[in-house]
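Read the structure below first, then the notes.
Only the coordinates and a few stated rules stand behind these numbers; no lab work does. Only a predicted model underlies this, so the values are computations on that prediction, with no experimental measurement involved. Neighbour counts are summed over all protein chains in view; Cβ atoms, including those assigned to glycine, are modelled from backbone coordinates with ideal geometry.
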Amino acid sequence: MFAAGIFEPFEYQFFNNGLVVATLAGALCGLLGVFVVLRGMSYIGHGLSHAVFGGAAASAVMQLNYFVGAGIWGVASGVIIGRIARRKLIGADAAIGVVTTASFALGLALLNRYGQAKKSIEAVLFGSVLGVETADIIAVSAVSVLTAVIIFALYRHFLFATFDPEVAQTSGVKVAWIEALLMAMLSLTILVTMRVIGTLLISALLVIPASVARMTTNSFARMLWISPIIGAVSASLGMYLSYHLDTSASATIILVGTTMFIVVYAFTGLRGRSRIAHLHHV
Amino acid sequence: MTADVLVECAHITCAYDSTVAVHDAHVTLYRGDFVGIVGPSGSGKTTLLKAILGAVTPVEGHVTKKPGLRMGYVPQVESVDWNFPVTVLEVVAMTRTAGRFFPRITQDERDGAIDVLTRLGLGGLENRHIRELSGGQQQRVFVARALFHRPELLVLDEPTSGVDVRTRHEVLHLLADLHDEGMSIVLTTHDLNGLAAHLPRLVCMNTHVIADGPPLEVLNSDVLERTYGAPMEVLIHGGMPVVLDQGNTEVVRRLGGLA
Ligand SMILES: Nc1ncnc2c1ncn2[C@@H]1O[C@H](COP(=O)(O)OP(=O)(O)OP(=O)(O)O)[C@@H](O)[C@H]1O
Ligand SMILES: [Mg+2]
């Protein structure tokens, strides 16, 4: 199976770049995934990645910088989606689905019409390690540091607002701000990791590590470091295996994560299972 | 507003999408009040509490609060996510989140939280996960969280639902003690005889307010029938109203009991 030498992939700059971005992406998605999983909003990760795709395509066509164009689009749609979801209106999830899918379709159409080749569409859908540039490494590092600092500093605010937003609000926590911040961080995360992981699989990376972490612990604080570790390990292992197996990096990352999920599910037995049984929408 | 008014709901209407949950309700809460809100399921009790807290904004009318009023809220247990990974101590410390940064719960906070927990008979349970408690203990953890904020007005949504008679007495005694110490309390309940009849003031509602006053005045068959839409009889026993559900005699007959 390992036709190439064990250390061979590390000889390539593109692989090392991809590995750094994927590992950070795994850790970042693992960290924010804790909130996604505990609030049962995995559909938001799915929707946001599709919305960001539209923004990415539009900025490509308008020859805007990817991070600027897709970033503004992504953060704006993230905050709006968060608002709609929180108001619990009937049909909110349908509205989110329609809007984000439309954004996705618009992106596809723009790329078809004005676009570059089929290849770039494929790269955005499934991710690609080949196109990773220094700018990606800087972007994903910056978002990781920013996210970690924000969550550490506002830890108790995030905990209260996630557990019980209404009471948090009446106890003086600025819940609307916390939510907007969370959605903005999620959008930025999707933005900086999408080129490697791809639109279609990013929501899985937001859900799997956090679900595995949930099975192993009953503590919110511990989840916040176990989940990023699981995300980083699946991402780096998946990247490495994909080189040897000649498979898509993002697909391999998700498969490694899924394997971890199954192993932990089997080993934690009923206790672990009951902990995730109540997670909605996962 | 006079000095003793804590919250005034002035003819408020609250709605979700197209469901009107509360219609034209006028309720004033005074310092020292101990008020029970009763009414059938879906009659808008929780919504009224949330309007008092400011978690729901009325579509008509307005809620005025005494400036700087501190409120503690104990949610209906059914609305709590018991699977959420938090310990008892973390839950209690939540109400002192505003203005605090970083994860650490200070020694001061920890001591304060343990004091409140001990007072509620939950000493030694601070590191338990909230799922690993009995129903009565779970209920009291949320009372502890509300008290930790040192509220002037304590708002409880069905504090005795799903607990046994003894726990209900414990909760009632605790609330009576808090009330004696000067706390103002408003709660909702489905338990007319076990809880509502013991309170100094009741608000009967079914989307709108049907009656507001002491139990001896409002617990009568006319008000109850308008509130619950079912015939009920009221006896006075030892100076206290006792509500009899006439539907019961019909059920007993059909099931062949009490020949
Ligand atoms: N978040 C919500 N979204 C939409 N409708 C709601 C929401 N919360 C409550 N309702 C509706 O508003 C009405 C009043 O609900 P509310 O929870 O205030 O009743 P309640 O008196 O507390 O009932 P219960 O005794 O069962 O707790 C009901 O018809 C309910 O279906
Ligand atoms: Mg209710």
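Near B:VAL86, the amide H atoms lying under 5 Å from its own belong to B:ILE130; only residues 5 or more places off or on other chains count, and H is placed 1.01 Å from N. Under the Kirkwood approximation for Rh and a Cα-based Rg, what ratio Rg/Rh is obtained for region B:62-204? Result: Rg/Rh = 0.96.
Of the residues A:MET194, A:MET62, A:MET260, the one that moves most in a GNM of chain A with alpha-carbon contacts below 10 Å is A:MET62. Between B:ALA211 and B:CYS204, the built amide H atoms are under 5 Å apart, and every one of these is 5 or more places off in sequence or on another chain. In the elastic network of chain B, a GNM with C-alpha springs shorter than 10 Å, the most mobile of B:THR189, B:THR207, B:THR64 is B:THR64. A Cβ-based charge dipole, computed about the Cα centre of chain B with Lys and Arg at +1 and Asp and Glu at -1, lands at about 560 debye. Going by neighbour counts of Cβ atoms within 10 Å, the residues A:ASP136, B:ASP33 line up, fewest first, as B:ASP33, A:ASP136. Dimensions of the protein assembly as shown along the principal axes, based on C-alpha atoms and rounded to the nearest Å, stand at 90, 56, 50, largest first. For the pair A:ALA95 and A:SER219 in one chain, pulling the backbone fully straight at 0.36 nm per residue adds 41.3 nm over the alpha carbon distance. Each Cα pair under 8 Å and six or more residues apart adds its sequence gap; the mean of these over the residue count of chain B is a relative contact order of 23 percent. Given axes a ≥ b ≥ c from the Cα gyration tensor, I'd like to know whether region A:16-109 is rounded (a/c under 1.5), prolate (a/b larger than b/c) or oblate. Since a/c reaches 1.5 but b/c is at least a/b, the shape of region A:16-109 is classed as oblate.
Please name whichever of A:VAL145, A:GLY131, A:TYR240 sits farthest to the positive end of the charge dipole of region A:8-277, dipole taken about the Cα centre and charges placed at Cβ: Lys and Arg +1, Asp and Glu -1. So the residue furthest toward the plus end is A:VAL145. Whole-percent P(r), region B:70-151, all Cα pairs, 5 Å bins from 0: 3, 15, 30, 27, 18, 7, 1. Highest average first, the peptides B:178-184, A:32-38, A:79-85, A:223-229 ordered by how many other beta carbon atoms sit within 10 Å of their residues are A:32-38, A:223-229, A:79-85, B:178-184. By the count of neighbouring beta-carbon atoms within 10 Å, fewest first, A:MET215, B:MET240 end up ordered B:MET240, A:MET215. Take the Cα radius of gyration of region A:1-47 and divide it by 2.2 N^0.38 Å, N being the number of residues; the result is 1.68.
Semi-axes of the equivalent ellipsoid for region A:41-177, computed as √(5λ) from the eigenvalues of its C-alpha gyration tensor and ordered from largest down, come to 31, 20, 11 Å. A cut-off of 5 Å between modelled amide H atoms, ignoring neighbours fewer than 5 places along the same chain, links B:VAL234 with B:SER221, B:LEU244. Over region A:128-238, the Kirkwood radius and the radius of gyration, each from Cα atoms, give a ratio Rg/Rh of 1.00. In this label model, B:LEU255 and B:HIS198 are separated by 2.6 nm, measuring between points 7 Å along each Cα→Cβ vector. Descending by average beta-carbon neighbour count within 10 Å, the peptides B:139-150, A:49-60, A:124-135, A:141-152 line up as A:49-60, B:139-150, A:124-135, A:141-152, the highest first.
Using θ = phi - 60° in the Karplus curve 6.51 cos²θ - 1.76 cosθ + 1.60, the 3J(HN,Hα) couplings for region A:234-243 round to 4, 5, 6, 5, x, 4, 4, 5, 5, 5 Hz; x is entered for Gly and Pro. For region A:12-22, the Karplus equation 6.51 cos²θ - 1.76 cosθ + 1.60, evaluated at θ = phi - 60°, returns couplings of 9, 4, 4, 5, 4, 4, x, 5, 4, 5, 5 Hz by residue, with Gly and Pro reported as x. Of the two radii for chain A, the radius of gyration is 0.97 times the Kirkwood radius, both from the alpha carbons; that is the Rg over Rh value. Taking every residue in B:46-56 and counting other chain Cβ atoms within 10 Å of its Cβ, the average works out to 2. About its Cα centre, the dipole of the protein assembly as shown is roughly 1100 debye, where the only charges are +1 on Lys and Arg Cβ and -1 on Asp and Glu Cβ. Once the chain from A:PHE152 to A:ILE229 is taken as fully extended at 0.36 nm per residue, the excess over their C-alpha distance is 26.1 nm.
DSSP beta bridges fully contained in the protein assembly as shown are about 60 percent antiparallel.
Look at the dipole of region B:78-162 built from charges on Cβ: of B:VAL80, B:LEU117, B:SER134, the Cα furthest out on the positive end belongs to B:LEU117. The ranking of A:LYS174, B:LYS65 from fewest to most other beta carbons within 10 Å of each one's beta carbon is A:LYS174, B:LYS65. Converting phi to 3J(HN,Hα) with the Karplus coefficients 6.51, -1.76 and 1.60 and the offset θ = phi - 60°, region B:234-243 yields 10, 9, 9, 10, x, x, 10, x, 10, 8 Hz in sequence order, with x at every glycine or proline. Extending 7 Å from Cα along the Cβ direction at B:SER41 and again at B:MET240 yields two label points whose distance is 2.6 nm. Its convex hull of Cα atoms gives chain B a direction-averaged projected area, equal to a quarter of the hull surface, of 16.7 nm². With distances taken between every two different alpha-carbon atoms, region A:193-282 has a Kirkwood hydrodynamic radius of 13.4 Å. Between B:SER221 and B:HIS169, full extension at 0.36 nm per residue minus the direct alpha carbon distance yields a gain of 16.1 nm. Summing Cβ point charges (Lys, Arg +1; Asp, Glu -1) relative to the Cα centre of chain A gives a dipole of roughly 820 debye. Is the shape of region B:163-227 rounded, prolate or oblate, going by the alpha carbon gyration tensor and its root eigenvalues a ≥ b ≥ c, with a/c under 1.5 for rounded and a/b larger than b/c for prolate? Note, shape of region B:163-227 comes out prolate. Partner shielding of A:151-158 amounts to 5, given as the average count of beta-carbon atoms from other chains within 10 Å of each residue beta-carbon. A convex hull fitted around the alpha carbon atoms of region B:1-122 yields 171 Å³ per residue.
Out of all DSSP beta bridges in chain B, what portion is antiparallel? Express it as a percent rounded to 5. Roughly 60 percent of the beta bridges in chain B run antiparallel, per DSSP. Our note on the geometry: Cα centres of region B:24-84 and region B:87-149, 22 Å apart. Dipole of region A:8-277 computed with +1 at Lys/Arg Cβ and -1 at Asp/Glu Cβ about the Cα centre; of A:PHE14, A:ALA58, A:GLY97, farthest Cα towards the positive end is A:GLY97. Given in Å, the Rg to one decimal and the Dmax to the nearest whole number for the Cα atoms of region B:125-259 are 17.5, 55. Entry note, chain A: relative contact order of 35 percent, from Cα contacts under 8 Å with a spacing of 6+ residues.
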